[in-house]
Amino acid sequence: KLAAEFPSEDIFLITASPVIKAVTNFKQVSKTLEEFDVEEQPSSLLEKRYPNIRVIQSGVKQLKSDEHKICTEDGKEYIYEKLCLCAGAKPKLIVEGNPYVLGIRDTDSAQAFQKNLAQAERIVVVGNGGIALELVYEIQGCEVIWAIKDKAIGNTFFDAGAAEFLIPKLTAESRETPIECKRTKYTVEGIEEKGRPTAACDKLGSALGPDWHEGLHLKGTKEFSHKVHIEILCEVKKIHLQQEFIQLQQTSLTFPKGEKDVEPDEVLWPVYVELTNGKIYGCNFIVSATGVVPNVELFLDGNNFAVGEDGGLKVDKHMHTSLPDVYAAGDICTAAWEPSPVWHQMRLWTQARQMGWYAAKCMAADALGESIDMDFSFELFAHITKFFNYKVVVLGKYNAQGLGSDHELMLRCTKGHEYVKVVMQNGRMMGAVLIGETDLEETFENLILNRMDLSAYGEDLLNPDIDIEDYFD
């Protein structure tokens with residue numbers, strides 16, 4: 001976007017990675033919903049398309065904002081007129097530096113995970129967001145103990161009702177063939193294995209799109225297809241290596257077969273997880289899928305950035321940080337403007353793309369002394385993804401975020417087919433969760449954006465016998 005806005009200026013892209021992420025197969029599904037694939041491409045492709053872009057492959061060592069200077073790890077310095085920080089976020093690991101704890105947020109860590117899983121008989125998954133959800137669904141032939149701190153699965157994206165709708169899919173023994181999927185897809189460039197540096201926890205990969213498990217062979221050593229046991233309302237209290245566990249003289253549990261059927265485990269495992277509910281399970285390794293933290297440390301040193309509560313660099317409605325000529329976009333930043341009543345920030349690929357594009361527009365407007373309006377994509381929170389092979393669309397305050405008790409929910413659910421939930425406040429639709437092929441996303445998007453009073457329709461709003469799309473066309 002910057003290269004197109006300033007064809008005669010030099011645009012530098014400084015990145016530690018040998019490949020860049022490109023958005024391909026972009027499709028505008030509705031006014032605010034968009035679908036696209038994410039591909040890793042050699043940086044030379046970008047330089048070919050835009051002769052004024054130079055990709056500098058090196059990690060950043062330091063930002064000297066008062067001198068308008070970036071120092072890279074290869075000892076070079078670059079002076080900037082305007083700078084945008086897009087360094088993303090890194091996995092929030094339950095413990096640092098334990099060889100049995102794997103964090104997953106990027107293609108490299110997903111590959112490491114696949115290698116470990118091939119020898120695994122039991123793993124413990126900790127976390128309740130999108131990656132944990134997809135992971136648990138995709139793993140076959142391996143016992144999975146899934147520890148979540150909430151009452152229901154997938155709390156980041158939906159409520160207990162939606163979780164109940166999805167759970168039968170988790171325990172189903174046979175799997176239908178996955179439908180050909182057309183969302184954010186990750187491919188890893190075929191860089192020779194030996195030439196590819198392994199991703200240590202402190203190395204930063206790029207965040208996974210919602211399809212990261214496609215094409216990865218997620219199968220453990222056991223022959224059964226699906227075994228998942230969910231431990232709710234608990235967190236990891238302590239992790240014990242085998243020797244420590246033996247000295248503890250505690251009992252660990254076998255994989256639960258029924259509600260009451262909990263037996264002591266005779267097997268010796270490489271690592272043990274003690275949960276806050278008092279249970280201890282042995283396993284081959286632990287997957288930490290507990291979200292991300294903005295990757296800011298490097299830039300804070302010597303620079304007086306305003307930082308948000310979630311650790312991101314605060315940006316105003318023109319993507320400006322608190323320092324002159326420094327902007328930020330994507331997972332590294334925290335939106336510190338007064339948001340629209342139906343938008344909130346969430347560290348997702350869709351928002352990273354929108355913020356990057358809008359930050360470039362703001363940088364251009366500032367450089368040319370022009371004024372600029374807030375981009376339309378920040379009017380309504382809208383995200384489309386796929387869980388357990390169902391299409392999932394979330395709109396607005398889909399979990400009644402920040403609405404307090406002053407709201408009501410309407411539900412329509414057909415087991416195994418669709419789940420529709422709308423969040424209403426004072427007769428107006430504030431948010432929605434759509435699971436399955438409901439075809440309601442565009443209608444609901446318009447109803448939320450138009451702030452139309454729907455009290456007159458009452459329950460009929462979700463009546464399956466009324467074609468609501470035609471009604472509000």
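Details
- Two-site label geometry, residue 160 and residue 374: point separation in nm, points 7 Å out along Cα→Cβ: 3.4 nm
- Heavy atoms of residue 267 accessible to a 1.4 Å probe, total area in Å² rounded to 10: 80 Å²
- Kirkwood Rh, angstrom, segment 391-439 [1 / mean 1/r, Cα pairs]: 11.0 Å
- Solvent-accessible surface of protein heavy atoms, probed at 1.4 angstrom with all chains present, puts 441, 9 in the order 9, 441, largest first.
- Zone of residue 276's modelled label, taken as backbone nitrogen in segment 232-252 under 14 Å from a point 7 Å along Cα→Cβ: 232-238
- Applying 0.36 nm per residue to the separation of residue 27 and residue 12 and subtracting their alpha-carbon distance, the gain on full extension is 2.6 nm.
- Highest average first, the peptides 332-339, 295-302, 129-136 ordered by how many other beta carbon atoms sit within 10 Å of their residues are 129-136, 332-339, 295-302.
- In terms of its C-alpha gyration tensor, segment 300-356 comes out prolate, because a/c is 1.5 or above and the ratio a/b outweighs b/c.
- Straightening the chain between residue 74 and residue 456 buys 131.0 nm, computed as 0.36 nm per residue apart minus the Cα-Cα spacing.
- Restriction of the trypsin sites (Lys or Arg not before Pro) in segment 366-473 to DSSP coil positions whose beta-carbon has at most 10 other beta-carbons within 10 angstrom yields 415.
- Once both labels are positioned 7 Å from their Cα atoms along Cα-to-Cβ, the gap between residue 49 and residue 365 label points is 2.4 nm.
- Where labels lie 7 Å past Cα in the beta-carbon direction, separation of residue 407 and residue 238 in nm: 4.0 nm
The values are calculated or read from the model by the stated rules, or taken from the named source; none is laboratory data. These numbers come from a predicted model, not from an experiment. Reconstructed Cβ throughout: ideal geometry from the backbone, glycine too, with neighbour counts over all protein chains shown. All accessible areas refer to the heavy atoms of the entire protein, side chains included, with ligands and DNA or RNA removed. Shrake-Rupley method; radii C 1.70, N 1.55, O 1.52, S 1.80 Å.
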